[in-house]
Amino acid sequence: MDPAATQTPAAVLWDIDGTLLTSGGVAARAFLEAVEQVTGRAPIPDGIEFGGRIDPEIAQLLLETIEHDVSHVPAALAHYHDLMRERTEALNSRTRALPGVQALVSELAQAQVRQTVVTGNIRSVAAMKLAAAGLVPPIDVEAGGYGDSGATRADVAAAGLQSLFGAEWRSRAAECWIIGDTPRDLACARAVGTRCALVATGRTPMDALVGLGADVVLSGLETSEDLRRFWG
Ligand SMILES: [Mg+2]
């Protein structure tokens, strides 16, 4: 472990789905319905691996399943936003922070660690999900990188760091952690130079996360001693 590893992080940038919370299928259903209502055809999600992808990419993949023009991505996302607004009540009642999340974000807040997100969710939906899970504050949704902040997840991560540190972000990245639940979270962390913890609380099982090269791999955040060891 190098000395830089054992210090309080300058910031923690959280993935949302499968890492901080589950929205009980409310968002996933709204996404499929949005594509269907915009195109007139039901997309075929079977066999598509959505984990860690950004929403515009998911919209494109769904449109491709019905051979629909991908220029409809913005319309599908706008309609998805509208459906989620209409379903705030369902979202609020079905969304749960995952075990250990509340305790860990509170602990980090007490230690004055800045917390925001690097997520594939578009900003408006990310804010709804985080509020539904009771995570705002301490998670700062004014900052962060979102599915509509860049063309790739690496761009989204860069946007998240830039929102915290401005033009200096590259020199601060190594002091920050991205915490996610998929190999794509690790890939974006590596692309921007942050540290990375992966947690097996999403759809990717522990044995598929171990060995990818993350700094820490955890079965869940309720047993995050390995992470706390890095943070002194
Ligand atoms: Mg995730």
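Just so you know, all these numbers are worked out from the coordinates, no wet-lab data involved. Because the structure is a prediction, the values reported are computed rather than measured. Here the Cβ is made from the backbone with ideal geometry for all residues, glycine too, and neighbour counts use every protein chain on show.
For segment 26-92, calculate the relative contact order in percent as a whole number, restricting contacts to Cα pairs under 8 Å that are 6 or more residues apart.
Working: 64 pairs, mean separation 27.6, N = 67.
Contact order relative to length: 41 percent.
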Tilt relative to the chain, helix 153-165 - C-alpha long axis, 0 to 90 degrees, to 10: 50
Using alpha-carbon coordinates, inclination of helix 183-192 to the longest axis of the chain, degrees: 60
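If you place +1 on the Cβ of every Lys and Arg and -1 on the Cβ of every Asp and Glu, how big does the dipole about the Cα centre of segment 26-92 come out, in debye to the nearest 20?
Details: 5 positive and 12 negative charges, 34 e Å.
Dipole of segment 26-92, to the nearest 20 debye: 160 debye.
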Cβ-Cβ FRET estimate between GLU36 and ALA191, R0 fixed at 35 Å, reported to 0.05: 0.55
At q = 0.08, 0.10, 0.15 Å⁻¹, base-10 log of I(q)/I(0) for the chain (Debye sum, equal scatterers on each alpha carbon): -0.28, -0.43, -0.97
Average Cα contact separation per residue, segment 9-134, under 8 Å, 6 or more apart, as relative contact order %: 42
Cα radius of gyration and Dmax for segment 26-92 (Å): 11.2, 34
Potential lengthening between SER219 and THR152 on full extension [0.36 nm per residue; Cα-Cα distance subtracted]: 21.4 nm
Segment 152-227: trypsin sites (Lys or Arg not before Pro) in DSSP loop, at most 14 other beta carbons within 10 Å: ARG203
Estimated distance in nm for a label pair at ARG203 and ALA103, the labels positioned 7 Å out from Cα along Cα-to-Cβ: 2.9
Computed helical MRE - 222 nm, the chain, DSSP H runs ≥ 4 contributing -39500 (n - 2.57), nearest 500: -12500 deg cm²/dmol
Relative contact order of the chain, pairs being alpha-carbon contacts under 8 Å that are 6 or more residues apart, as %: 25
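Which shape class applies to segment 109-232: rounded if a/c is under 1.5, otherwise prolate when a/b exceeds b/c and oblate if not, where a ≥ b ≥ c are the square roots of the Cα gyration tensor eigenvalues?
Numbers: a/c = 1.30, a/b = 1.24, b/c = 1.05.
Because its axes are fairly even, with a/c under 1.5, segment 109-232 counts as rounded.
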Other-chain or far-sequence residues with amide H under 5 Å of ILE16's (modelled H): GLY120
Cα-based convex hull, segment 8-53, per residue volume (Å³, whole number): 101
